[in-house]
1. For region 144-199, which residues satisfy the criterion of being open to solvent by 50 Å² or more (accessible area, probe 1.4 Å), among the charged types (D, E, K, R), modelled with pLDDT of 85 or more and not in a loop (DSSP other than H, G, I, E, B)?
2. Please go through region 115-140 and give me each residue that is modelled with pLDDT of 90 or more and either open to solvent by 50 Å² or more (accessible area, probe 1.4 Å) or in contact with a helix residue (DSSP H, G or I) (Cβ under 6 Å, 6 or more places away or on another chain) (or both), ordered by number.
3. Between a residue in region 145-160 that is closer than 20 Å to ARG202 by Cβ and any residue that is open to solvent by 70 Å² or more (accessible area, probe 1.4 Å) and in a strand (DSSP E or B), which pairs come within a Cβ distance under 9 Å, given they are 6 or more apart or on different chains?
4. Just name the residue that is modelled with the lowest pLDDT out of those in region 98-109 that are open to solvent by 30 Å² or more (accessible area, probe 1.4 Å) and more than 13 Å from ALA55 (Cα to Cα).
5. If the requirement is being more than 15 Å from the chain's Cα centre (by Cα), aliphatic (A, V, I, L, M), part of a helix (DSSP H, G or I) and at pLDDT 85 or above, which of these qualifies: LEU85, LEU92, LEU112?
6. Looking at region 202-218, which of its residues are open to solvent by less than 60 Å² (accessible area, probe 1.4 Å) and either β-branched (Val, Ile, Thr) or in contact with a Lys or Arg (Cβ under 7 Å, 6 or more places away or on another chain) (or both)?
Amino acid sequence: KPGAVFHLASILLLTCDKQKSASLQADMTSIGHTCLQVSDAAGLARSLAKKPDLAVVDGGSYPSDSEVWHWLLPAPGVKLASIMLFVPENRLSEWELNQDVDDFLVDPYRKLEFLSRVRRLLRKGGKLEPGETIKRGDLTIDNAGYEVKVAGQRVDLTYREYQLLRYLATNSGKVVTRENLLNKVWGYDYFGGDRTIDVHIRRLRSKLEDGTHIFIETVRNV
């Protein structure tokens with residue numbers, strides 16, 4: 001539906017397996033989502049405070065009695081994010097899958113099935129559907145083709161510029177802080193300063209805006 005508002009999803013990944021972490025992150029970022037890898041309870045507590053849209057948990061790294069589950073499920077019937085669980089095939093008998101887990105996959109997993117289940121959970125929560133088109137006046141953002149046009153003319157952006165523009169467009173009419181942009185577009189573990197945001201905004205303006213098109217407004221000190 002052109003003009004519909006969507007939200008760029010932030011996905012929390014909990015695993016101690018470096019190879020699996022790299023594979024899952026590549027899968028999720030390939031469809032445009034921001035992914036944060038966490039490997040301990042302290043990092044999980046900080047990340048949950050940012051209210052991620054989905055937590056993907058490797059049951060091989062974190063069994064059902066692991067401390068991370070106390071953070072994800074602080075009370076019966078209460079969870080701080082939607083949860084997708086990966087269960088190793090040889091350890092299925094150790095898990096009692098209950099209503100607190102929104103979905104699960106048997107590991108090793110298939111990429112297409114995994115991405116399909118991620119989309120379903122995000123759609124269920126009103127999050128981003130990557131194949132949709134976002135329109136804001138003469139600005140068109142094609143999520144399926146990663147293409148941006150102004151008044152029908154294609155604009156060449158870097159991947160990070162595209163992510164930044166898409167996040168701003170999905171939050172049209174809202175004031176978005178630099179901290180929020182760093183968290184949602186660059187990732188929670190990015191340690192760069194505010195200058196990174198300013199530089200990318202200037203580049204976006206130079207590529208998108210002219211005398212008749214103004215898309216990005218700055219609210220001073222905010």
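The values are calculated or read from the model by the stated rules, or taken from the named source; none is laboratory data. Bear in mind that the values here come from a model prediction, so they are computed numbers and not experimental data. Here Cβ is always computed from backbone atoms with ideal geometry, including for glycine, and neighbour counts include all displayed protein chains. We work out accessible area using only protein heavy atoms, side chains counted, and drop any ligands, DNA or RNA first. Shrake-Rupley method; radii C 1.70, N 1.55, O 1.52, S 1.80 Å.
1. Once the filter is applied, which keeps residues that are open to solvent by 50 Å² or more (accessible area, probe 1.4 Å), among the charged types (D, E, K, R), modelled with pLDDT of 85 or more and not in a loop (DSSP other than H, G, I, E, B), region 144-199 yields LYS149, ARG154, ARG178, ASP198.
2. Keep residues of region 115-140 that are modelled with pLDDT of 90 or more, which gives 138-140.
The one that is modelled with pLDDT of 90 or more and either open to solvent by 50 Å² or more (accessible area, probe 1.4 Å) or in contact with a helix residue (DSSP H, G or I) (Cβ under 6 Å, 6 or more places away or on another chain) (or both): ASP138.
3. Every condition considered, the pairs that remain are VAL148/ARG154; VAL155/LYS149.
4. Checking each candidate, the answer is GLN99.
5. LEU112
6. Within region 202-218, the subset open to solvent by less than 60 Å² (accessible area, probe 1.4 Å) is 204, 208-209, 213, 216.
If the condition is that a residue be open to solvent by less than 60 Å² (accessible area, probe 1.4 Å) and either β-branched (Val, Ile, Thr) or in contact with a Lys or Arg (Cβ under 7 Å, 6 or more places away or on another chain) (or both), then ILE216 is the only one that fits.
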